[in-house]
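Down below is the structure, laid out as C-alpha cells.
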Ligand code: ADP
Ligand code: ZN
C-alpha cells in the first residue's frame, strides 16, 4: 500500500513512481505527479470505494502538496463533483478546500481513498478547458498545482478554514482550577455559556488566542473542536425587479401611480424597481400593494456593480483606420479562430494601437470568441476600460486589485457564465475564466509589472502567449518599446512582427532637448533647469499642459543630519528613509517602516535635518512656488492611496483643470491627452545606476514612453530630458526615438554576457534574520547545486551558476538577502536542472524565519 506524508511528498519518491506519473501528464516535470492517493494518515479510516465505481475524482488541494490527489465520491455527491468546482476534503488531520480536476482512474484494490466531504459550488469557478493550462503553469514555475489555482483566482473567490469550539465537562472543571493558564481561561470563559463559539471570539490579554492553543485544548479534552470551511466572504448582490402581470390596474383612477406603472411595464417589460421609481416616484409605496393584487410580480435579480460607478457614454463606433492600422488589423483578423498565432505589434506612441485592439476585439466577439485585454497597471485599466465600455457596453468585465472582494466576485461570475466575453484587467486577468478565448491582447507588453513578485511568481505576458497557444487562440502584444526578449522572439520567427511606424494623422513625434546637468555642479542641486523652466512657462502661456516625470515619490529621498552627518535610515532595511512632507514622516519605501519627522535626527537629536534628494512632492512644491497661477497636481502611490483620487486627477487632466501634472512612472504610460505638449524628465539617469542587467533597457523604455505622452493632439510636442549622462546610448536612443539603435547596442551587450534573450534565468533568493546564517544557507545551497552539475555533464554544459552573492538591497524588512543566479544556455537541460534544484530546496529544512525560493524568469534582480 502506498502511503505518503503530505508535508514533503516529493522527496522519498521512487524513480518508478516518477516514471509512471510522467507518462500521465507529459508536460509536467518529474517533480509533479498526477493524482496520487490522498494521504490517509490513520490507514483504514476511510471507506473503500467499490473498484468498479467510476466515482473517483482528481482534486488539487490548496496546500503545499506538490500534486493533485485522488478522492472517492460518495453517492450523494455523484452529480456535483464536477471539474472547476471547489470541494472540501481531508488532508492529514486538516480539512482543506480543493478544486475538482476531473474523474480519476480507479485505484488498485486495497488502496485506501478518502471521500470528498462536501461540494462548495453550484457552478464551476473556471471552465474545465483551463485545467491543462493550470497544470502547465504549476510545472513551469515549480509551484504546487492547488496553490497555483488558488493564486490564480481572485481573493473574493476562495475560502479558508476556521475552528469552532464547545465546552466539555472537563473544560468546565478546569475553569475552577487555579492551574489553568490565563489564555486557556479566556477561552473557557468565552465558552461558559455552553454554546458553540467561532475562533474569533477568543481574545486573551495578548490578543487573539492562537490556533495551535485551541487545537491543543481540543486534544486535552477541554473543548470539542469542530472545523468549518468558511463561506465566501462575499456573495453576489441582488436587487428587486418588477414584472407587470396585468395591463390595467384595479385601483381607483385617482391612484395614478399604479396605472402609470403598469403602462410602463407593459411597454418596456420588466425592470429594476429602482428604475421604475425613477420614472414614477409615487409607485415606491405601492409596489407591495400591487404585488398583493397580482398586478405585478416582484423578484430578486443579481446586479453587477460598476467599478467606476459612473455611466460611460457610448462612442461613435469604430474609426476609419489608417492604412497602417488596417494592415495590422487584417493580419490579426485573418488569424482569429485559425489556431495559435503570436503577434508583436511595434507601434510608436500615438500610432493608434488602442483602436486596433478595439477593432480586433470586435472581430473576435463577432465570431463568438472571447477576448482578454491585459494592461500593466490599474491607472491604465481605468482608461482602457472606458474606451472598451464606450464601444462594447456591458459585455466588458474588469479584474484588478482595486476592486473590492464583492466586485471581483461579481465580475468573475459574469465571466464564468459567459456574460462578459471581453475582460480587461491587470496581470491576474490572464487567468480570466472565459469559456472560449480567441484573442489575448497584452498592452505595453514590455512592462515589468506583468511579473508577479510573490507566491506564484508568474509573468502574465508570457502566460498570455502560453494560454493562447494551448487554447489555439491569437495573442497580440503591443508596445512602442518592445522588450528585447519579445523583439528577439520576433526575429527568431516565434512571433510575427507588425508595425505602426507613424503617428495617427502623421503627427510628428516630439522633439527632444537634452539638458546636461553636469555644468550646474556648483550651483547646488537642480530640480528644474532654466531650459525646462522656460519651456514650461511658454507652454502655460499657450494654455497647454505639461507632464513632469520623476520616478520617486515623497519630498526628499536623502534626509541627512547636518550635525552628525548620518543619513536617516530604516531600522529594518539598508535603505535611507524618504521624507514625506505632507504626512510629516520618514517612510521606508521597501518595508513600510515609518517614523515621525518631528523628532529631528534619531542619532543625535539635531532638530534641523537636511532634506536632500528629490521626490515628486518636492517638485510639486517647487513648481507651485515658481508658477503660482498654474494648477499643479501630482500622481503617485501616495496620491493613489486616497480612494477616487486617481479618477479625479485623470479627469482633471482631461478637462484641462490641471496645467502641470507631476508624477512617477504611473504617468509615463498609455495616457492619451491631446493638450499635453511638454514633457519634462527631471532626471533621466535615475534607473541607470541599478546593478541589474536590465537597467539600460528599463531606462530606454521609460524615457521613450514618457516622451510619447507629448504632442498627441494637433500641436507638436516637446520633451526636455535632464541628465548627468548626455552621451549614454540609452539617452541618445531615447532622444532620437531610435529603437533599432538601442536594440543593436543592447543585444550585443547581452550576447557577450549571455544574458536573456541569449539565455534563460532563474534565481534562488535566500533570506533570513541573521547575516551569517543566511550567508551559510546560501553557500550550502550553492554547493549542493554545483554538486548537481558534477553528476550530469550534459546539464553542466547548459547551466551556469553565479553566486551566491549578497543582493544589492542587502537587507529589507529585517531580512538579510542573498541570491544565486542560474543561467540556462539550452532549454531542456536547464529545465531538468531546475527540477533538481527544487528537490534540493525542499529537502533542506530551513530554520523558522529563513527561506530559499526559486524564481523562474526573475525580473527583480535587486
Ligand atoms: P497608442 O496606444 O498607439 O499610443 P492611441 O490608440 O491612444 O495610440 O491613439 C492615439 C490617438 O489617435 C487617440 O486619440 C485615438 O483616438 C486617435 N486615433 C487612433 N486611430 C485613429 C484613426 N484611425 N483615426 C483617427 N484618430 C485615431
Ligand atoms: Zn525598511
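The values are calculated or read from the model by the stated rules, or taken from the named source; none is laboratory data. Note that the structure is a prediction, hence the values are computed from the model and not measured. Backbone-built Cβ (ideal geometry, glycine too); neighbour counts: all protein chains shown.
Please go through the range 552-570 and pick out each residue that is in contact (Cβ under 8 Å) with a residue 60 or more places away in the chain and either away from ligand 2 (no atom under 16 Å from the Cβ) or on the phi < 0 side of the Ramachandran plot (or both).
552, 553, 555, 556, listed by residue number.
For the structure I just gave you, tell me whether residue 573 is out of contact with any helix residue (DSSP H, G or I) (no Cβ under 7 Å at 6 or more places or on another chain) and within 16 Å of ligand 2 (Cβ to nearest atom).
yes
Looking only at the range 698-726, count how many residues are farther than 23 Å from residue 527 by Cβ and either in contact with a strand residue (DSSP E or B) (Cβ under 8 Å, 6 or more places away or on another chain) or part of a loop (DSSP other than H, G, I, E, B) (or both).
Total meeting the criteria: 7.
Would you mind finding the one in 644, 605 that is away from ligand 1 (no atom under 16 Å from the Cβ), more than 36 Å from the chain's Cα centre (by Cα) and modelled with pLDDT under 90?
605
Quick one: in the range 473-486, of everything that is touching a strand residue (DSSP E or B) at 6+ places or on another chain (Cβ under 7 Å) and over 11 Å from residue 347 (Cα atoms), which residue is nearest to ligand 1 (Cβ to nearest atom)?
476
Please indicate, with yes or no, whether at least one residue in the range 117-131 is assigned to a loop (DSSP other than H, G, I, E, B) and over 40 Å from the mean Cα position of the chain (by Cα).
Checking the range 117-131: not a single residue is assigned to a loop (DSSP other than H, G, I, E, B) and over 40 Å from the mean Cα position of the chain (by Cα).
As an exercise: evaluate residue 385 against (1) more than 16 Å from ligand 1 (Cβ to nearest atom); (2) under 24 Å from residue 636 (Cβ atoms) and give the number of the one condition it does not meet.
Result: residue 385 fails condition (1) only.
Could you tell me whether the range 792-799 includes any residue that is within 30 Å of residue 570 (Cα to Cα) and either within 16 Å of ligand 1 (Cβ to nearest atom) or in contact (Cβ under 8 Å) with a residue 12 or more places away in the chain (or both)?
no
Determine whether residue 616 is more than 16 Å from ligand 2 (Cβ to nearest atom) and surrounded by fewer than 22 Cβ atoms within 10 Å (Cβ to Cβ).
no
Mind checking whether some residue in the range 515-528 is within 16 Å of ligand 2 (Cβ to nearest atom), over 29 Å from residue 347 (Cα atoms) and out of contact with any helix residue (DSSP H, G or I) (no Cβ under 8 Å at 6 or more places or on another chain)?
No.
For the range 451-478, which positions are surrounded by 24 or more Cβ atoms within 10 Å (Cβ to Cβ) and either modelled with pLDDT under 95 or part of a loop (DSSP other than H, G, I, E, B) (or both)?
Listed by number, the residues that qualify are 458, 473.
In the list 358, 365, 345, which residue meets the criterion of being at pLDDT 95 or above and away from ligand 1 (no atom under 14 Å from the Cβ)?
The unique qualifying residue is 365.
Taking the range 324-352 as the region of interest, how many residues are touching a residue at least 60 places away in the same chain (Cβ under 8 Å) and part of a helix (DSSP H, G or I)?
Selection size over the range 324-352: 7.
Please verify whether residue 590 is within 16 Å of ligand 2 (Cβ to nearest atom) and part of a strand (DSSP E or B), treating the condition exactly as stated.
In short, no.
Scan the range 485-497 and give yes if some residue there is surrounded by fewer than 21 Cβ atoms within 10 Å (Cβ to Cβ), part of a helix (DSSP H, G or I) and under 21 Å from the mean Cα position of the chain (by Cα), otherwise no.
no
Out of curiosity, is residue 586 more than 16 Å from ligand 1 (Cβ to nearest atom), modelled with pLDDT under 90 and within 29 Å of the chain's Cα centre (by Cα)?
no
Can you give me the number of residues within the range 677-697 that are away from ligand 1 (no atom under 16 Å from the Cβ), in contact (Cβ under 8 Å) with a residue 40 or more places away in the chain and either over 20 Å from residue 614 (Cβ atoms) or not in a loop (DSSP other than H, G, I, E, B) (or both)?
Count: 9.
In the list 454, 449, 471, which residue meets the criterion of being under 16 Å from the mean Cα position of the chain (by Cα) and either touching a residue at least 24 places away in the same chain (Cβ under 8 Å) or within 16 Å of ligand 2 (Cβ to nearest atom) (or both)?
Result: 449 is the single residue among 454, 449, 471 that is under 16 Å from the mean Cα position of the chain (by Cα) and either touching a residue at least 24 places away in the same chain (Cβ under 8 Å) or within 16 Å of ligand 2 (Cβ to nearest atom) (or both).
Confirm whether residue 598 is in contact (Cβ under 8 Å) with a residue 24 or more places away in the chain, more than 16 Å from ligand 2 (Cβ to nearest atom) and either assigned to a loop (DSSP other than H, G, I, E, B) or within 30 Å of the chain's Cα centre (by Cα) (or both).
no
Select from the range 277-317 the residues that are loosely packed, with under 13 Cβ neighbours inside 10 Å and assigned to a loop (DSSP other than H, G, I, E, B) and write down the one among them that is modelled with the highest pLDDT.
By that ranking, first place goes to 294.
May I ask you to say which residue of 497, 533 is within 16 Å of ligand 1 (Cβ to nearest atom) and in contact with a helix residue (DSSP H, G or I) (Cβ under 9 Å, 6 or more places away or on another chain)?
497
State all residues of the range 149-175 that are modelled with pLDDT of 85 or more and either surrounded by fewer than 14 Cβ atoms within 10 Å (Cβ to Cβ) or in a helix (DSSP H, G or I) (or both); if no residue qualifies, say none.
Within the range 149-175, 149, 150, 151, 152, 169, 170, 171, 172, 173, 174, 175 meet the criteria.
A quick yes/no check of all residues on (1) at pLDDT below 95; (2) within 16 Å of ligand 1 (Cβ to nearest atom):
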{"residue": "705", "(1), (2)": "yes, yes"}
{"residue": "710", "(1), (2)": "yes, yes"}
{"residue": "713", "(1), (2)": "yes, yes"}
{"residue": "716", "(1), (2)": "yes, yes"}
{"residue": "724", "(1), (2)": "yes, no"}
{"residue": "727", "(1), (2)": "yes, no"}
{"residue": "732", "(1), (2)": "yes, no"}
{"residue": "744", "(1), (2)": "no, no"}
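Kindly state which strands (runs of 3 or more DSSP E) lie completely within the range 767-862 and contain at least 3 residues that are within 16 Å of ligand 2 (Cβ to nearest atom) and within 19 Å of residue 454 (Cβ to Cβ).
Strands (runs of 3 or more DSSP E) meeting the threshold: 799-812, 815-824.
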